[in-house]
Amino acid sequence: MHLVTRLGPLSATWIAQHFDYQPGSQFSDRQLKGPFACWVHRHGFTPSGEQACVLEDRVDYALPLGWLSQLAGGRLVRRRIERMFAYRHRVTQADLASHHRFHDRPSMKILISGSSGLVGSQLAAFLSTGGHRVLRLVRREPQADEIRWDPAAGELDAASLEDLDAVIHLAGENIAQRRWTSAQRQRIRDSRVASTHLLSQTLARLQRPPQTLINASAIGYYGNRGDQVLDEDAPAGNGFLADVCRQWEAATDPAQNAGVRVVKLRIGVVLTPSGGALKQMLLPFRTGCGGRVGSGKQFWSWISIDDLLGIVHHALMTEGLCGPVNAVAPHPVTNAEFTKTLGHVLHRPTLLPLPRFAARIALGQMADDLLLSSSRVVPQKLSDANYDFRHPTLERALSHLLGRT
């Protein structure tokens with residue numbers, strides 16, 4: 001398999017300067033242990049004129065059992081490999097373009113909490129690839145480029161936070177991990193509000209506080225609002241998640257009062273096959289057992305994982321962006337539209353709905369706030385700040401994420 005993607009206007013010289021990579025050099029890897037009889041992968045960037053370069057991947061492989069496996073599944077394996085590398089090329093091209101857009105900015109020293117989570121792990125890799133130094137805020141014994149804290153005990157060494165350029169706070173209890181008992185609701189609240197308050201107060205006391213604090217929040221701030229279009233000026237709604245988000249965002253006040261630019265990202269449903277809602281939906285939908293939830297009329301405001309990383313990066317680099325920012329795609333859809341689109345991308349029927357009462361029996365209050373609630377949220381501030389969405393429509397996002405393009 002041989003795949004070539006032209007990267008322009010990204011010159012090989014620019015890539016070499018920012019990513020410690022020599023133009024024309026190649027890396028290769030071989031399978032030591034795995035499902036193939038052999039596997040040799042060559043990867044590299046090659047100059048293509050003065051203002052462009054070529055990303056090239058060449059894979060030579062052989063299936064076990066020779067012609068038998070080739071006859072039984074050779075075409076399927078080749079198609080999956082081609083889709084995987086096409087996906088990698090699209091992501092690499094878009095990531096490099098994002099970093100190149102701000103090529104005149106100096107590299108930053110950035111602290112991330114929640115760096116082992118679904119979003120944080122990919123964000124740390126994305127920022128590191130862009131030449132930034134990433135530090136991680138962890139609860140265990142710290143290693144290199146890690147800082148320990150204990151939000152529950154109120155422990156965070158202020159001296160270790162000096163000379164940071166930015167802090168990205170993503171840590172918080174997974175809201176969909178278990179049913180919302182009274183104890184679980186308290187854990188959800190404390191893991192967000194108490195940790196944010198500790199971090200914000202500590203940053204405010206520094207001699208040299210960071211310029212920027214990006215604090216995760218959620219579109220749960222708006223509550224259940226039907227088909228009302230909600231931009232960042234819309235007031236908070238009612239309910240458990242709305243109350244948590246309101247307190248969560250208010251906990252950043254000490255840092256903001258100390259002159260730190262605070263961005264409160266109200267994040268929608270994050271789409272990635274690696275976790276979250278989409279991962280949970282894939283099995284039933286791939287087996288033809290998917291369908292709308294409840295009436296299907298409730299709006300789901302979503303964002304692809306790639307765009308969420310891009311939004312965080314854009315917020316880091318855009319000094320005029322502050323306060324609440326809706327981290328959602330520009331085209332929210334109803335649950336029925338989401339269901340139909342996912343089925344279309346997967347080429348599967350979507351005829352088995354999940355009734356409202358069944359969702360409530362299975363999930364309790366969580367069903368009302370996460371599945372049946374309607375929030376038609378739009379990214380007005382991102383549009384005003386000229387953020388260019390990679391995946392503005394749901395079909396485009398799902399096709400990319402599921403390797404169907």
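The values are calculated or read from the model by the stated rules, or taken from the named source; none is laboratory data. Please read all numbers here as calculations on a predicted model, not as lab measurements. Because the Cβ atoms are built from the backbone with ideal geometry, glycine has one as well, and the counts that use them run over all protein chains shown.
Which residue pairs have Cβ atoms under 8 Å apart, sit 6 or more places apart or on different chains, and have a first residue in the stretch 225-251 that is farther than 23 Å from residue 366 by Cβ and touching a residue at least 40 places away in the same chain (Cβ under 8 Å) and a second that is of a type in the set (A, V, I, L, M, F, W, C) and outside any helix (DSSP H, G or I)?
Correct list of pairs: 229/378; 231/377; 231/378; 232/325.
For residue 319, which of the numbered conditions (1) modelled with pLDDT of 95 or more; (2) surrounded by fewer than 21 Cβ atoms within 10 Å (Cβ to Cβ) fails to hold?
Single failed check for residue 319: (1).
With the condition kept exactly as written, say whether any residue in the stretch 290-303 is modelled with pLDDT of 95 or more and within 27 Å of residue 166 (Cα to Cα).
yes
So that you can scan it fast, the table gives a plain yes or no per residue for (1) of a type in the set (A, V, I, L, M, F, W, C); (2) crowded, with 19+ Cβ neighbours inside 10 Å:
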residue	(1), (2)
325	yes, yes
333	yes, yes
339	no, yes
342	yes, yes
351	yes, no
357	yes, no
360	no, no
364	no, no
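Quick check on this structure: which one of 116, 128 is part of a helix (DSSP H, G or I), without any contact (Cβ under 8 Å) to a residue 24 or more places away in the chain and not assigned by TED's automatic domain parsing to the domain that holds residue 40?
Of the residues listed, the single one that is part of a helix (DSSP H, G or I), without any contact (Cβ under 8 Å) to a residue 24 or more places away in the chain and not assigned by TED's automatic domain parsing to the domain that holds residue 40 is 128.
Filter the stretch 111-125 down to the residues that are more than 22 Å from residue 202 (Cβ to Cβ) and β-branched (Val, Ile, Thr) and list them by number. Lay out the reasoning, then the answer.
Taking the stretch 111-125 as the starting set, the residues that turn out to be more than 22 Å from residue 202 (Cβ to Cβ) are 118-119, 121-122, 125.
Residue satisfying the conditions is 119 alone.
Being surrounded by fewer than 20 Cβ atoms within 10 Å (Cβ to Cβ) and over 22 Å from the mean Cα position of the chain (by Cα) narrows it down to one of 158, 176, so name that one.
Result of the check over 158, 176: 158.
For the stretch 385-405, which residues satisfy the criterion of being out of contact with any Ser or Thr (no Cβ under 6 Å at 6 or more places or on another chain) and outside any loop (DSSP other than H, G, I, E, B)?
Looking only at the stretch 385-405, we keep the residues that are out of contact with any Ser or Thr (no Cβ under 6 Å at 6 or more places or on another chain), and these are 386-390, 392-393, 396, 398, 400-404.
Passing the criteria: 396, 398, 400, 401.
List every residue pair whose Cβ atoms lie under 9 Å apart, where the two residues are 6 or more positions apart in sequence or sit on different chains, the first residue falls within the stretch 260-274 and is under 15 Å from residue 338 (Cβ atoms), and the second residue, located anywhere, is aromatic (Phe, Trp, Tyr).
Listed pairs, sorted by first residue: 268/300; 268/302; 269/300; 269/302; 269/338; 270/302; 271/302.
Mind counting the residues in the stretch 201-239 that are buried (at least 18 other Cβ atoms within 10 Å of the Cβ), over 24 Å from residue 378 (Cα atoms) and in contact with a strand residue (DSSP E or B) (Cβ under 7 Å, 6 or more places away or on another chain)?
The total comes to 3.
Can you name every residue in the stretch 152-200 that is part of a loop (DSSP other than H, G, I, E, B) and polar (S, T, N, Q)?
Listed by number, the residues that qualify are 174, 177, 181.
Would you confirm whether any residue within the stretch 89-110 is part of a strand (DSSP E or B) and either β-branched (Val, Ile, Thr) or at pLDDT 90 or above (or both)?
Start the filter on the stretch 89-110 by keeping residues that are part of a strand (DSSP E or B), which leaves 109-110.
If we keep only those that are either β-branched (Val, Ile, Thr) or at pLDDT 90 or above (or both) as well, we get 109-110.
Looking for residues that are part of a strand (DSSP E or B) and either β-branched (Val, Ile, Thr) or at pLDDT 90 or above (or both), one finds at least one in the stretch 89-110, hence yes.
Restricting attention to the stretch 346-396, report how many residues are without any contact (Cβ under 8 Å) to a residue 60 or more places away in the chain, within 22 Å of residue 294 (Cα to Cα) and not charged (D, E, K, R).
Going through the stretch 346-396 one residue at a time, the tally reaches 5.
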